[in-house]
Structure formats: C-alpha cells, structure tokens
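To start, the structure under review is shown below, and the notes come after it.
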Amino acid sequence: MTLTQFIQNQVNIPVRGIESTLKLLTEDCTIPFISRYRKDQTGNLDELQIEQVDKLNRQYAEIIKRKETILKSIEEQEKLTPELKSKIDQSFDLQELEDLYLPYKKKKKTRADVARENGLEPLAKILMSQRDVDPEYIASQYLNAKVVNEDLALQGARDIIAEWINENICIRKNLRRLYQRTALMVSKGKDKEEDAQKYNQYFDWQEPLFRAPSHRILAMLRAENEGFIKISIDVEKEEALEIIENNVLKAHNDTTPHIQKAIADSFKRLLEPAISNEVLQEFKLKADKKAIEVFSDNLKQLLLGAPLGEKRILALDPGYKSGCKLVCLDEQGDLIYNETIYPHPPQNEWAMAQKKLRSLVNAYHIEAISIGNGTASRETENLVKKTGFDRDVQVFVVSEAGASVYSASKIAREEFPKYDVTVRGSVSIGRRLADPLAELVKIDPKSIGVGQYQHDVDQTLLKEELDKVVERSVNLVGVNLNTASKSLLSYVSGIGEKMAENIVAYRSENGAFESRTELKNVPRLGEKVFQQAAGFLRVREGKNPLDNSSVHPEAYKIVEKMSKDLALTVKDLIGNKEKIQLIEISKYKTETLGELTLKDILKELEKPGLDPRKSVKVLEFDPTIIKISDIKLGMILNGIVNNITAFGCFVDIGVKESGLVHISQLKEGFVSDVSSVVKLHQHVRVKVLEVDEQRKRIQLTMVF
C-alpha cells in the first residue's frame, strides 16, 4: 500500500490534494502557510485536513519502521517464512503487526519455555492434533529427570498449547471484538477514608465500557491511581471460552479434556489480562482524545477572546491581608507604575485606596481597569465602581487563572527582572484584557484552567494538540512584528523559539522594523523562513501598506499591477471596495497564484489586517452577590461561561466558586455536545438549583 493510498483509506481527501500537501510538507512548508497561501495547489484544504495528512504521513512512517524492526528480528531468529513475510508486508495495522510478532518477541522465560526445554513440545503437538490417542500412554514416552511422571508431562504440554492459543491472531481479534462489544467496567471501593468520598459513587459501580462517557472513564482511572478503587474489565467467561473453543477444538476424544484445560488456562492466565488491559487502554485513549478535544476547543476560544486593544490599563490583583497589587500599563502593555493598596480587612483603608485610584487614573490617563477574579475580587470591583473618576473608565473582571504560573516563570523573570511575582502577576491580569492571545501564549495551557482531566490524559498527545491550537490561533490573528514578545513570535509559521529570540534581539538593537523585507537582515533568517513567516507578521505604518495585511510579499507585484491598471497607488487601492470589485481575477493568474489565492487577496485588500476576534463586552454581576453564602435557591443571575466540559459548563456568577450547568440543564431537549449550545466567555442568565456551602458547589440551570 502506498502512502497516498494509506491516507486516502482514512480521510475523504482527493488524491491531488494529498499529493500536493505531501510535496509541500517535504519542502519544509508549515501547515499555516500551506492552508493560507497554497490553496490552489491543495484544492483549498483547510488546516485541519492538512494536519490529518501530516499525522497520517507520520503514522505511515512509524508503521514502515516497525515492520522493518519486526522483519529483521524474525529473520535473525531464522524463522521468517515467505508466508509470514507476506502477511507482515501486507499489514498496515500496528495491532495486527504486534500480534504477528508476538510468537517471536523476546520475553521473560515462560512456563511454556520451561516445558520446551524439558522436551515436551512434541507431546503438545500430538495433543493439539487431537488424534484419537491415549494421552497418558503418549505422555509416558516423554518422561525424564525433570519430568518424573505423566501428570507433569501433560501439564507441560498444556502450558505450551496455552501459549499457542494466546498467540493465535484470529482468537485475539475475536476476543477483542467481544470485549469492545460487551465488556463491563466494574469498580469496587478499596478505601473508605474521607479523601475517597469524592469517588464514593464508584465504590460499587458497573456499566458497559462502550457506553461509559469519557469523563467517567478518566475519573474512575484517577480514583484507581489514587488507590481508592479497583477496576476490572469483565466479559462473560463462557462466551469467551466458546470463542476460543470454536477456533481450537476439532474433535472430541480423550485429548479434548486436556485441550479444554489449556483453553481455560490460556484465557485466565494470558489472554484475559492482556486483552482486558488492551481494550481498557483503547477506551482510555478515546477518552483522552475526547478530553483533549474539549480542552483544545476551550483553549482556542480563550486565546481568541475579545481584546480591548491598545489602551492604558490599570490592573488589580485583589487580596485581603496582603492588599491589592495594582499596576499601570501604557498602550503597549509596558509597566509604568506599581503600588499596593489595602482597602479590605484587616486594614480597611477604603478612602485612602479610592483616593489613590482616582489619582492614578488621572495621572496615567487610564482608560480601563482590569480586576482579577480570585480572592476579594467582588469587594475590589465594588470599591472601583464606587470610586468617582473624572474620566470615563471601563471596568472589567478577568480570569486570573495561570497568572501566578506566569509570574514565577522564566519568561516573566526575563520581562521584569527587577520586580517580584506579585507585580508580574498583576501585569498579566492587565495584559490579558488588552490582548488575551499575546499574554496567554506565555503560560503552559494546562495551567489556564479550561481543561477536563488534562493531567490524566496522554501528555504527549495533549502537548501536540495544544501546540497546534496555539499555532493556529496566533497565525489566524497575525502578529505585530514590532510589539510581539518572544513567546508570541515563536508560534508564528516557520519561526520557532530560537529565531524569535534573534528577531527580538535585532529589534532591540536596531529599533522598530520598517518593512517585512527587513526581516531578512535578522541573523540566520533565510529565504525559507521569510517565505513561511512573512504573511503572518504585520508592520503597522511601515513603508509598504501591504506589510500591515495578510497579503504575502510574493504577491506584492500582482497587487501593484492591479493598482496600476486602475490608475491608483497601492495605498489608494486598499479599502476601496468599489475599485476592488472591478478587478478581473483571470487577468492576474500566474503559475503560483491561482483563483483561490487571488480571491483571498481581494478580500484582504477590502479590509486589510481585520482582527477576526470580537469586541470585548462588560458583564455586570449582581451587586448583592459577593460570596457563596449570598446565593439563594431560585435566584436568577448574570454569568459568564469560563469552562466547558463534556458533561456541562461552568459559569462565573461573581463569587470565587463557579457554578455547574449540567448538560441536561443547558436547554430544553437532548443535548449531545455542550459546545453546540455555549461558548467560552459567553454571557448567560442562570437560575440557582442547589448550593452546597460546605463542599463549595453550586448547581445552575439555563432552563427556566
């Protein structure tokens, strides 16, 4: 099977698109670049389709490499038959390849190995042939110093037969199907201590594995890892034995009881533990992928959250005894002032704090105030809103999840070497209001607080997917070349961490970039990197107006020709919808620029550098709700969705604890996908169903 055939068997993508994408990938083109600037070659494949091709390309390479290893190993053992080689060559299923390799795999000495060393394999073959013989008599002919009686001889022969059964591909496949179709996930409580009570529903639990939702599988596995429950994957033993017997038993005579004993032993000792573990891992992987999918969708929405833009911001990290840390930031997010105020108990310096806020708002021409949503958040919001300012100031409450992680990170220390973690955390709270994407890329996505069991899933898969989400988001929005941090630049198509360092160093030494072309002066930034990155970087108020658009430099000459044909300058053409509509695409096609790319260029010329993100909105929480004890049953409150899971969404209603809207309470009727009803940052109205102050849990509904 060729690589193209392998990919086409698994995705519905035309051959031309697959082959073009593979060619571009081998030329070191990035996925964002291919999807944006090579649409005509790929047939307009989007990023997700190109990622699928790339992933399957790597899977194919992994399978080929594994085949080579298996063939070499079996060949070295001088056991590679033409038939076996053909089976391995024709298989492109890793599970099947491992089944084929199982009899030849190096492993610890087994009971069957001992029996072979004792010369009992011929006896096993006679029994397995199931001829009508006297087993006791035949066994008596294989006695020796280590096999002193017929029972030991027959036991050894059964051990060998049990291993043969375990290595039978057909049996393993059929048992897997049985487990996948009928297995029960059963759990029993091991520990009834207080810490285990959060898992008490699993102390005596069972359900069909194939029906178990991903979040429950992950919750149960976490409980087992913490030692509170024991999980088993069970099938009907009689049905499993029947599957094996149908594959093994050929006759009914005196050998049959020995074959049946070997079957029972093989299932209990070898097949059941292996297959149940395999199938559990298979469903765990599915649960991991679902959890990662939910997390990725949340992360994308968070990264693409509405930016306030280049405004002067006063940011507050609220607190009681330690005070409220405040910082003032300029339009570029640079720190220009920091201080601590103490409006809350035990100091209660309310009037002094208000005086300071008024003074700073005036002195630094503050346009917006950003308040972290942690401890003392509502009290601080109340303070700010009751402070009379001489100018119009918007007040926002923002998530501070991950701010403490950022403040202690290497990135934060490099950005603010002279300030402590409290100041750095406050800066992060302010910057994430101005531009969530630019700030959140500095934080490990797992620490942002929008996941579901993110610490329990396959960490390699999680990192790979989250990195893709960040890369997609950064390249979708585009990056200001003259203000972007090293962290943000590192996610731009083709750049990476080291090149981002070089760009920032060049910018520090030479001042702001005046054009995209100037990028070529950055050390080690060659033509290939420039090609992959340039279209995603923006130079505002540069020499060439196209440098502040998503038009790629390779298309500049075409745009210049368009404007010349219309007797306009490029600057006058940009944004001139009436003139742009007069352009006939067919006149400007080239070998590299086809109709799809040219349409994108015209669309960009109409609204160059348009930010795909929405505008930020202020949410007014109920002023009477400050803490969980203020919440009463039946209250209808404003809230903002701050996390989405497979089983519902969490809503910030203005207290420290977010409330859960279960999937069944999102709307009237059945809901299969939470994200089809709500999105992160969505403003919602919710009704309180239940409040548990002791466990700090709030149940909400959107159906009322």
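Remarks
- A single entry from Ile50, Ile64, Ile13 fulfils the requirement of being touching a helix residue (DSSP H, G or I) at 6+ places or on another chain (Cβ under 8 Å) and either part of a helix (DSSP H, G or I) or acidic (Asp, Glu) (or both): Ile50.
- Residues of the range 489-529 satisfying the condition of being surrounded by 13 or more Cβ atoms within 10 Å (Cβ to Cβ) and of a type in the set (Gly, Ala, Ser): Ser490, Ser493, Gly494, Gly496, Ala500, Ala505, Ala512, Ser515
- Arg158 passes every criterion in (1) over 18 Å from Leu249 (Cα atoms); (2) surrounded by 15 or more Cβ atoms within 10 Å (Cβ to Cβ); (3) at pLDDT 95 or above apart from (1).
- Pairs meeting the criteria (first residue in the range 66-94 and within 19 Å of Asn168 (Cα to Cα), second residue aromatic (Phe, Trp, Tyr) and part of a helix (DSSP H, G or I), beta carbons under 7 Å, at least 6 apart or on different chains) are Ile70/Tyr101; Ile74/Tyr104; Lys79/Tyr104; Phe92/Phe6.
- Scanning the range 149-175 for residues that are of a type in the set (D, E, K, R) and farther than 15 Å from Lys268 by Cα gives Glu150, Asp151, Lys173.
- Highlighted here are the helices (runs of 4 or more DSSP H) found entirely within the range 204-300 that include at least 3 residues which are within 28 Å of Phe650 (Cβ to Cβ), touching a strand residue (DSSP E or B) at 6+ places or on another chain (Cβ under 8 Å) and at pLDDT below 95: 214-225.
- Any hit, the range 577-597, residues being closer than 25 Å to Ser493 by Cβ, outside any strand (DSSP E or B) and touching a Pro at 6+ places or on another chain (Cβ under 7 Å): no
- Options Ala533, Ala567; residue that is farther than 30 Å from Glu379 by Cα, assigned to a helix (DSSP H, G or I) and hydrophobic (A, V, I, L, M, F, W, C): Ala533
Okay, residues lined up against (1) over 30 Å from Lys463 (Cβ atoms); (2) over 33 Å from the mean Cα position of the chain (by Cα); (3) of a type in the set (Asp, Glu):
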| position | (1), (2), (3) |
| --- | --- |
| Pro273 | yes, no, no |
| Gln281 | no, no, no |
| Leu303 | no, no, no |
| Tyr320 | yes, yes, no |
| Leu357 | yes, yes, no |
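- Filter pass, Ile369 being buried (at least 21 other Cβ atoms within 10 Å of the Cβ), within 42 Å of the chain's Cα centre (by Cα) and under 24 Å from Gly309 (Cβ atoms): yes
- Residue under evaluation Leu476, criteria (1) at pLDDT 90 or above; (2) of a type outside the set (Lys, Arg); (3) crowded, with 23+ Cβ neighbours inside 10 Å; (4) not assigned by TED's automatic domain parsing to the domain that holds Trp350, criterion not met: (3)
- Selected residue [more than 11 Å from Ile313 (Cβ to Cβ) and crowded, with 23+ Cβ neighbours inside 10 Å] from Ser377, Ser359: Ser377
- Residues of the range 71-117 satisfying the condition of being outside any loop (DSSP other than H, G, I, E, B) and basic (Lys, Arg): Lys72, Lys85, Lys87, Arg111, Arg116
- Residue selected from the range 37-60 under the condition more than 21 Å from Glu464 (Cα to Cα) and basic (Lys, Arg), by the criterion surrounded by the fewest Cβ atoms within 10 Å (Cβ to Cβ): Lys39
- Selected residue (only one of Leu633, Leu602, Leu610 is out of contact with any strand residue (DSSP E or B) (no Cβ under 9 Å at 6 or more places or on another chain), over 28 Å from Ser447 (Cα atoms) and either at pLDDT 95 or above or surrounded by 13 or more Cβ atoms within 10 Å (Cβ to Cβ) (or both)): Leu602
- Taking (1) surrounded by fewer than 19 Cβ atoms within 10 Å (Cβ to Cβ); (2) of a type in the set (Lys, Arg); (3) part of a helix (DSSP H, G or I) in turn, Lys321 satisfies each apart from (3).
The values are calculated or read from the model by the stated rules, or taken from the named source; none is laboratory data. The structure displayed is predicted, hence computed values, not measured ones. Cβ coordinates were reconstructed from backbone atoms using ideal geometry, including for glycine residues, and neighbour counts include every protein chain displayed.
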